[in-house]
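Engineer: There's a structure below that I have some questions on.
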Amino acid sequence: MPVHSKIKLAMVLKEVEKPEDFKTFEISTIKDSYYSSTQIEIAKFISTYYFSSLGEALGLFIPRRRLPTHQDVKLEEISEKKESLNGALGNAPYELPKLSSDQEKAYQEILTKDRSLLFGVTGSGKTEIFISLMAKTIKEGKRAIFLIPEISLTPQMQNRLEKYFGNRVVMWHSKLTKNQKDRYLNAIYSDEIDIVAGARSALFTPLKDIGLIIVDEEHDDSYKSMMKPRYHARDMAVYIGNKIGAKVVLASATPSLASYYKYDVIRLSKPFIQTKKRYFFVEGTTLTNAMIKRLNYNFKTDEQSLLFVPTRGNFKYLYCQKCGVTHLCPFCSVGMALHRNVRHLKCHYCNYTEAIRETCTHCGHTPLTSQRMGTVEAKEMIEHSIPDMVVEQFDRDSITTPSKLKKALKRFEAKESHLLLGTQMLSKGHDYANITLSIILGIDYLLGISDYRARERAMSLLIQIAGRSGRAKSADVIIQSANQDFFELYLNNYEAFLKDEMFFVEDMYPPFRSLARILISHLKEDKASKVTLDIVTKLKEFKEVEIVGHGKAPIERIANKFRFNILLRSEKRSTLLRALHYVNNPAIEIDMDPVEFS
Ligand SMILES: [Zn+2]
Ligand SMILES: [Zn+2]
């Protein structure tokens, strides 16, 4: 329709009476795409729960496409085609993976549940179970969505899926070219696709008759969108599954505490391939000569190694080298960040501040440090000491595109490089069959960051990284930590960790309490501050909503704008939502169920 004399594309949400008090135009043409009523309902939920406009929420979805004209004829043709396809599929001997008795047991149990959490150690053969579930779904005339974190969308995964499902599976992600996207969409529209595997956005493709949604690596934070609408794809998968009557299977070797608490857990404990792993704990915070020697030995004996260096966050924390304890906020149990220029420590949840300490409150050791080693320093040290060793740097600075990831993995697989050196990225879903030595530096740092899930994130990360080695052969894992007791206790028993962790978060954090964060940013600091205070005043009317803290955000400025935030907590989600809708306005951004607090 013409708006300011331009033809605009719009969608019709509902039919209304022609208004009398202003002029309207006729719709000039009708496109053949549309949103189904289910898509619109889900978008409405997203816009209400995650605080976006309906347009922004609908923008996540790819519309359906209407059948061409002469519908009757076409419909007949299509149903015939479908029958012949179904027939073909029915007879097509999908070379299904043979399940071990443990896998078979888990598979049968999943079949009895609408929603479940498959909790299986790395290498326990979850993928075979997924493939069996997908094949069964297709046999029943339905389709499947398989969500994996973007970084795990590797050629390895693609090959595995294509081996079973041929060209009836597409890999859907944000880096597709327009051509690829159009080709895949056409295939989806003409019902030639049974499985869409992909990152977050795969959830919103126009695939019809979905009978199964799998969310692999469900603990991964990349499922949470950091832009409006700030939805969590795992939680949306569960919501959508409920809505359309599809089975939902979440899976992880280190499930999130929230999912472990909320869903029926199905255990798959025995690794598919039994290998031996030896763990060694060492103290310190940097790469030592002994470690370099050990790396060199592995290199000389033609074996491959992995070296993990924790990501350099935006903040430093005061850390005790002796007992490995980071100084925590007494009210929030999260690490207090060091603001050296103003010489104080600050809690980024409640804004409590105190003077910089010299002595560890836990063991009395002096002085406390805030030093950590980065990937660049580690790489330089190794290349200096072992000149022939080829180091593959694996972090966001070096692996910037899917093709770079592909190439790095290929070189490592072909043994052209000998050491994978990197950050958190190393922990994500790749198989490196030949790693026999893993060194994990400075893991204690992660225990003390200002995040209520710091322990969960550190423990899960350690298990995921350790799980990358010893896939085919036995391996040594060297862990640099002064918290040996903590890590050792749970290293082979993540479930025990989850059970204990529940006590820590019980009266403070999700899944027992709902959290929301309000972000305010403005070019003028006083304006941002005023908006914040106004919102806080309004929020005080809601007695059941606790204002944990408010003030400057941990990262005080981005793109010239001053950032303020308010952290809220409530026992009841509905109360929190009511308060947030009451204060919501265009000057603020609301992050429901936040996973990131900078
Ligand atoms: Zn100490
Ligand atoms: Zn605090």
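The values are calculated or read from the model by the stated rules, or taken from the named source; none is laboratory data. Please read all numbers here as calculations on a predicted model, not as lab measurements. Glycine gets a Cβ as well: all are built from the backbone with ideal geometry, and neighbour counts include every protein chain shown. Surface areas here come from the heavy atoms of the whole protein model, side chains and all, with no ligands, DNA or RNA. Shrake-Rupley method; radii C 1.70, N 1.55, O 1.52, S 1.80 Å.
Engineer: List, in the order given, every pair from LYS98/LYS300; LYS322/LYS406; LYS228/LYS524; LYS113/LYS407; LYS247/LYS499 whose Cα-Cα distance in the structure shown is over 29 Å.
Structural biologist: LYS98/LYS300; LYS322/LYS406; LYS113/LYS407
Engineer: Find, among the trypsin sites (Lys or Arg not before Pro) in the stretch 498-575, those assigned to loop by DSSP (not H, G, I, E, B) with at most 11 other beta-carbon atoms within 10 angstrom.
Structural biologist: Filter output for the stretch 498-575: LYS524, LYS540, LYS543.
Engineer: So for the pair THR48, ALA414, with labels modelled 7 Å out along Cα→Cβ, what separation do we get in nm?
Structural biologist: About 5.5 nm separates the two model spin labels.
Engineer: Something else: If the reach is capped at under 19 angstrom between alpha carbons, list the lysines near LYS224, excluding any in the same chain fewer than eight residues apart.
Structural biologist: Output for LYS224: LYS44, LYS175, LYS262, LYS428.
Engineer: Can you find, among GLN158, ILE240, VAL121, the residue sitting farthest towards the positive end of the charge dipole of the chain, where Lys and Arg contribute +1 and Asp and Glu -1 at Cβ?
Structural biologist: GLN158
Engineer: Pull up all non-local amide H partners of VAL282: gap of 5 or more, or a different chain, and H-to-H distance under 5 Å with H placed in the peptide plane.
Structural biologist: Hits under the 5 Å cutoff: ILE479, GLN480, SER481.
Engineer: In addition: I need to check one value: relative contact order of the stretch 508-598, counting alpha carbon pairs closer than 8 Å and at least 6 residues apart, in percent.
Structural biologist: Relative contact order, the stretch 508-598: 43 percent.
Engineer: To the nearest 0.05, how large is the calculated FRET efficiency for ILE7 and ALA587 if R₀ is 30 Å and r is the Cβ-Cβ distance?
Structural biologist: 0.40
Engineer: For the chain, which cysteines have no disulfide-compatible partner, meaning no other cysteine Cβ under 4.7 Å?
Structural biologist: CYS350
Engineer: Another one. On full extension of the chain, what length is gained from MET226 through ASP302, given 0.36 nm per residue of separation minus the C-alpha to C-alpha distance?
Structural biologist: Net length gain for the segment: 23.2 nm.
Engineer: Charges on Cβ only, +1 for Lys and Arg, -1 for Asp and Glu, centred on the Cα centroid of the stretch 464-529; of VAL477, PHE512, ALA528, which one is farthest towards the dipole's positive end?
Structural biologist: Towards the positive end, the residue furthest out is ALA528.
Engineer: Take every Cα pair under 8 Å in the stretch 251-362 that's 6+ residues apart, average their separations, divide by the length, and report that relative contact order as a whole percent.
Structural biologist: Dividing the mean separation by the residue count of the stretch 251-362 yields 13 percent.
Engineer: Determine ³J(HN,Hα), in whole Hz, for all residues of the stretch 408-420 in sequence, where each value follows from phi through the Karplus function 6.51 cos²θ - 1.76 cosθ + 1.60 and θ = phi - 60°; x replaces Gly and Pro.
Structural biologist: Listing the rounded values in order: 4, 5, 5, 4, 5, 5, 7, 6, 6, 10, 10, 9, 8 Hz.
Engineer: Would you calculate, for the chain, the mean residue ellipticity at 222 nm contributed by helices, counting each DSSP H stretch of 4 or more residues as -39,500 (n - 2.57) and dividing by all residues, to the nearest 500?
Structural biologist: So the calculated ellipticity at 222 nm is -10500 deg cm²/dmol.
Engineer: Please work out how much length the chain gains when fully extended from LYS208 to ASN341, using 0.36 nm per residue of separation minus the C-alpha to C-alpha distance, in nm with one decimal.
Structural biologist: Once the chain is fully extended between LYS208 and ASN341, it gains 42.2 nm.
Engineer: Just the number please: accessible area per residue for the chain, 1.4 Å probe, all protein chains included, in Å².
Structural biologist: Each residue of the chain exposes 49 Å² on average to a 1.4 Å probe.
Engineer: Also: Please list, in chain and number order, the residues 5+ apart from LYS316 or on another chain whose amide H is under 5 Å from its amide H, with Hs placed from the backbone.
Structural biologist: Excluding prolines and chain starts, which carry no amide H, the hits are LEU338.
Engineer: Testing the spin-label approximation: label points 7 Å from Cα along Cα→Cβ at PHE512 and LEU533. State their distance in nm.
Structural biologist: My value for the distance between the label points is 3.6 nm.
Engineer: With a Förster radius of 35 Å, plug the Cβ-Cβ distance of GLU104 and ASN159 into 1/(1 + (r/R0)^6) and report the FRET value to the nearest 0.05.
Structural biologist: 0.90
Engineer: Can you compute the modelled spin-label distance between SER403 and THR24, with each label point 7 Å from Cα toward Cβ, in nm?
Structural biologist: Simple spin-label model gives 5.0 nm for this pair.
Engineer: Round to a whole number: what % of the accessible area of the chain belongs to carbon and sulfur, probe 1.4 Å?
Structural biologist: Within the chain, the accessible surface is 51 percent carbon and sulfur.
Engineer: Rg (Å, one decimal) plus Dmax (Å, integer) for the alpha carbons of the chain?
Structural biologist: Both quantities, over Cα of the chain: 26.2, 84 Å.
Engineer: Could you list which residues have their amide H under 5 Å from that of VAL325, counting only those 5 or more apart in sequence or on another chain, with H placed in the peptide plane?
Structural biologist: Those qualifying (amide H under 5 Å, at least 5 residues apart or on another chain) are CYS320.
Engineer: Please identify the trypsin sites (Lys or Arg not before Pro) of the stretch 369-417 that satisfy two criteria: DSSP loop assignment and at most 15 other Cβ atoms within 10 Å. Which are they?
Structural biologist: ARG396, LYS415
Engineer: Let me ask something additional. Step through the residues of the stretch 119-135 one at a time and calculate ³J(HN,Hα) from phi using the Karplus curve (6.51 cos²θ - 1.76 cosθ + 1.60, θ = phi - 60°), rounding each to whole Hz and writing x for Gly and Pro.
Structural biologist: 10, x, 4, 4, x, 8, x, 5, 4, 4, 5, 4, 4, 4, 5, 5, 4
Engineer: Could you work out the percent of alpha carbon pairs in the stretch 453-598 separated by over 21 Å, rounded to a whole number?
Structural biologist: Result for the distance tail: 56 percent.
Engineer: Follow-up. Averaging sequence separations of C-alpha pairs under 8 Å and six or more residues apart, then dividing by the length of the chain, give the relative contact order as a whole percent.
Structural biologist: Rounded, it is 13 percent for the chain.
Engineer: Can I ask one more? What is the pair-distance distribution P(r) of the stretch 327-393, computed from all Cα-Cα distances in 5 Å bins starting at 0, with each bin given as a whole percent?
Structural biologist: Binned Cα distances yield the sequence 3, 14, 17, 16, 11, 8, 10, 11, 7, 2, 0.
Engineer: Can you work out the Karplus-derived ³J(HN,Hα) for every residue in the stretch 511-523? Use 6.51 cos²θ - 1.76 cosθ + 1.60 with θ = phi - 60°, whole Hz, and x for glycine or proline.
Structural biologist: For the stretch 511-523, the Karplus curve yields x, 8, 10, 9, 10, 8, 10, 10, 10, 10, 9, 7, 4 Hz.
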